[in-house]
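The values are calculated or read from the model by the stated rules, or taken from the named source; none is laboratory data. Note that the coordinates shown come from a computational prediction; the quantities given were computed from them, not determined experimentally. Don't worry about glycine lacking a Cβ; one is built from the backbone with ideal geometry, like all the others, and counts go over all protein chains shown. Protein only, heavy atoms only, side chains kept; ligands, DNA and RNA dropped before computing areas. Shrake-Rupley method; radii C 1.70, N 1.55, O 1.52, S 1.80 Å.
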Amino acid sequence: MTVHAAEPAVVVRNLRRQYGERVVIDGLDLTIATGEFVALLGESGCGKTTLLRALAGLDTVDGGRIDGPRQPAVVFQEHRLLPWAPLWRNVALGMEATAAGRDRAEKALREVGLQGREEDWPRNLSGGQAQRVALARALVREPKLLLLDEPFAALDALTRIKMHVLIRELVARHRPGVLLVTHDVDEAVAIADRILVMRDGAIAASYLTKAGSAYGLREQLLRELGVLSDSRAA
């Protein structure tokens with residue numbers, strides 16, 4: 001079930017990935033609609049990052065099909081900015097070095113609250129500011145699919161909250177389909193439209209965040225992840 005009656009940003013059917021004898025993803029199905037924000041939770045080693053890398057085209061698959069953009073935008077936990085390039089050039093990375101390209105990069109920096117910093121250097125940024133540049137770089141090409149690999153994990157609590165507000169605003173404006181890989185249940189509840197739980201290489205559960213109370217959903221997810229037992233929840 002999806003939140004938006006929109007065309008899919010990506011469709012995955014019967015995906016399979018294994019490393020030697022170890023099967024990491026097995027028969028996984030997934031659809032993310034345009035403009036839909038999906039968070040993916042699961043224990044370490046369940047295949048979350050493998051799935052994201054497959055969607056990004058950074059890893060091969062051993063079976064199944066992915067119907068989506070060839071070059072989705074990806075934001076990682078580390079910002080991966082080029083230290084020798086000013087901010088606008090980091091945002092415009094891979095684009096033609098034209099006045100139009102610079103204009104688009106500067107507009108993207110304004111969108112993330114870094115207007116006036118176009119000629120600044122990555123070394124002068126805080127962690128949150130660096131991730132804002134990474135988001136600007138990801139969205140400057142208006143991607144159909146945005147993949148987020150724990151991009152806020154290294155930030156302090158207050159900065160994370162600010163980034164949650166920002167990413168929701170940016171997704172509402174640009175409307176890519178979004179897959180956020182995270183270990184943070186509260187983060188998923190705060191910013192996603194739909195939360196998936198991955199287990200044994202497949203999607204084990206799916207929850208709509210607007211279907212009930214945030215507190216109740218949080219407890220459901222903690223039970224699903226084996227963190228909270230039913231007896232403790234009661």
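Taking the dipole about the Cα centre of segment 80-187, with the C-beta of Lys and Arg at +1 and of Asp and Glu at -1, give me whichever of A97, V165, L145 is farthest to the positive side.
A97
Taking one equal scatterer on every alpha-carbon of segment 115-234, how large is log10 of I(q)/I(0) by Debye at q = 0.10, 0.13, 0.19 1/Å?
-0.37, -0.61, -1.12
Write down the radius of gyration of the chain and its Dmax, each obtained from C-alpha positions, in Å.
18.2, 62
Once ligands and nucleic acids are excluded and a 1.4 Å probe is used, how much of I161 is accessible, expressed in Å² to the nearest 10?
Accessible area of I161: about 100 Å².
Give a quick list of chymotrypsin sites (Phe, Trp or Tyr not before Pro) in segment 63-136 that DSSP marks as loop, anything other than H, G, I, E or B, with at most 10 other Cβ atoms within 10 Å.
Qualifying residues, ordered by number: W84.
Name the aspartates and glutamates eligible as straight-distance cross-link partners of K210: C-alpha to C-alpha under 12 Å, and not fewer than 8 places from it in the same chain.
D193
Run the helix sum for the chain: -39,500 (n - 2.57) per DSSP H stretch of 4+ residues, divided by residue count, reported at 222 nm to the nearest 500 deg cm²/dmol.
-10000 deg cm²/dmol
When ranked by the protection proxy of mean other Cβ atoms within 10 Å per residue, highest first, what sequence do the peptides 178-190, 10-22 form?
The packing order, highest mean first, is 178-190, 10-22.
May I ask you to rank R173, R123, R141, R168 by accessible area, largest first, using a 1.4 Å probe over the protein chains only?
R123, R173, R141, R168
Relative contact order of the chain: what whole-number percent is it, with Cα pairs under 8 angstrom and at least 6 residues apart?
Relative contact order of the chain: 27 percent.
Once Lys and Arg get +1 and Asp and Glu get -1 on their Cβ, which of I25, V112, G226 lies farthest toward the positive end of the dipole of the chain?
Selected residue: V112.
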